[in-house]
1. For Y303, work out the one condition from (1) among the aromatic types (F, W, Y); (2) assigned to a loop (DSSP other than H, G, I, E, B); (3) closer than 20 Å to G233 by Cβ it doesn't fulfil.
2. When the stretch 104-131 is examined, which residues are found to be over 23 Å from P85 (Cα atoms) and in contact (Cβ under 8 Å) with a residue 12 or more places away in the chain?
3. Look at the stretch 133-154 and say how many of its residues are modelled with pLDDT of 95 or more, within 16 Å of the ligand (Cβ to nearest atom) and in contact with a strand residue (DSSP E or B) (Cβ under 6 Å, 6 or more places away or on another chain).
4. I want to confirm something. Restricting to the stretch 333-364 and keeping residues that are farther than 16 Å from N295 by Cα and among the aromatic types (F, W, Y), which single residue is surrounded by the most Cβ atoms within 10 Å (Cβ to Cβ)?
5. What are the pairs, 6+ residues apart or on separate chains, where a residue within the stretch 286-304 that is more than 18 Å from T391 (Cα to Cα) has its Cβ under 6 Å from a residue that is aromatic (F, W, Y) and crowded, with 18+ Cβ neighbours inside 10 Å?
6. Being surrounded by fewer than 23 Cβ atoms within 10 Å (Cβ to Cβ) and either within 16 Å of the ligand (Cβ to nearest atom) or modelled with pLDDT of 95 or more (or both) is true for just one of A212, A218, A200. Which residue is that?
7. State the number of residues belonging to the stretch 406-434 that are touching a Phe, Trp or Tyr at 6+ places or on another chain (Cβ under 7 Å) and more than 16 Å from the ligand (Cβ to nearest atom).
Amino acid sequence: MSEQQNIAAYQAKLAQYIKLGSVSAQYQQIQATAQFLQGIFTQLGGQVQVFSDHKFPLVFADFPAATPAANATTLLFYNHYDVQPADPIDLWQTDPWTLTKRDGKFFGRGIADCKGDLFVRLTALKNYLDAHAGQPPVHIKFLVEGAEEIASQGLQDYFEQYSDLFKSDLIIWESGSKNERGQLRITGGNKGISCFELSADSASRDLHSSNAAIIDGALWHLIDGISSLHQHGKISVNGFYDGIAAPTQRAKNLAHKMYFAPEQLSRLYELKYPFLQGSDEDKIKEAYLFAPSFNMEGISGGYEGTSVKTVLPAHGVAKFDMRLVPGQDPAEVAHKVAVQLHDNHFADLKVNYTMGVKAYRSDMDAPLIQQLIATAQTVYGGADSVEVLPTSAGTGPSYNFNHYLHAPIAAIGIGNPTSGAHAPNENVTEADYLMGIKVISQFFTNLSQR
Ligand SMILES: [Zn+2]
């Protein structure tokens, strides 16, 4: 089939894929979607295995190359076949489970995150295989999980069982997006996170507030303890910054080039306080990507109703998240908070660690990542058409991928700032969809000439 015919044929399959409505949170169509992908990969000539050790099957497809030279390089595409619920359905202008083309855009739940990306990759591979007697450019693998939208449940178990199968030299992450300036963004890695609660119990029940002259209440005590940990963005937990891997100069340079306008952010949210780093844009950008943070999500206790209740609360609780950088361990960080409180007369405050994940930052100088960046620059129209970020400021499961597979990670995809992943009217432009196929196709060609 011609390239155009393949594009059309895979678009039709993508419509079926979106129709499947694979919402992991509701365990909707999960088995059926894994089977659907098994069929797609098999038709394409892959050796497919569907692992069902866990409630959410993992689909693995292997396309080994013909020669030892070509097999020396392995590329792994990571995607997920699950999506977010479509709610609120009323806000969709077209049916979320029907791939709809309108005004140069494709609409449908999962088109940007990340069903469209998988089909961009499959179309590129199909075109390459057709043009090369069925032989892939290098060893190619696809790993498609079914529970990404619910914290990748079971993925770690699959890694522990089968990570030898998934070994690769470069991991292409599930999706990616253009930035607000229209540059294609290639990102490596994520910050980590440590989530915990601090709680204080000062008595068996609330007291009359006349007792405040002689008794410290749980809420004051909790706030005093919290204050001892943090002042104006500076985290004063003993050992908190220990072991942090400083960003390289090149990573810093990439951060400085990032499209990020503090002014705009300030206007958008009508910020009342200056940035923690002052007005130095480079410092703000470095902190955004490379500095750990300590956020209080909420605090509660005592009387929170209208008017007055003269009560001395016996209980208070506050929730926190710390964004972490490479070199920090989420549980260890929560433990350091407990030690700090203990050593500063707040031993009674309870630290309840709830969840965490480590950070991972790609070396954007890794040769295969460099090759991907160069390919994207050629396809999209020059060095300025691509923005390279060593990490995103958000959190994701990239640490586990690197930990088990020992390969650098790069995210590249077909989204844009108004794609609305997880939101109603999720969309990508047809132009970005076609460019996505082009860039992966060109990457295959360049890899075959290594
Ligand atoms: Zn996703």
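The values are calculated or read from the model by the stated rules, or taken from the named source; none is laboratory data. Quantities reported herein were computed from a predicted structural model and do not represent experimental measurements. With ideal geometry, Cβ positions are generated from the backbone for all residues, glycine too; neighbour counts draw on all protein chains shown.
1. (3)
2. Selection gives G104, R121, L122, T123, A124, L125, K126, N127, Y128, L129, D130.
3. Total satisfying the criteria: 4.
4. Y360
5. From residues that are more than 18 Å from T391 (Cα to Cα), the pairs are M296/F320.
6. After ruling out the rest, the residue left standing is A212.
7. Residues that pass the stated criteria total 4.
So that you can scan it fast, the table gives a plain yes or no per residue for (1) outside the structural domain of F346 (by TED's automatic domain parsing); (2) within 16 Å of the ligand (Cβ to nearest atom):
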site	(1), (2)
L170	yes, no
S177	yes, yes
L222	no, no
L229	no, no
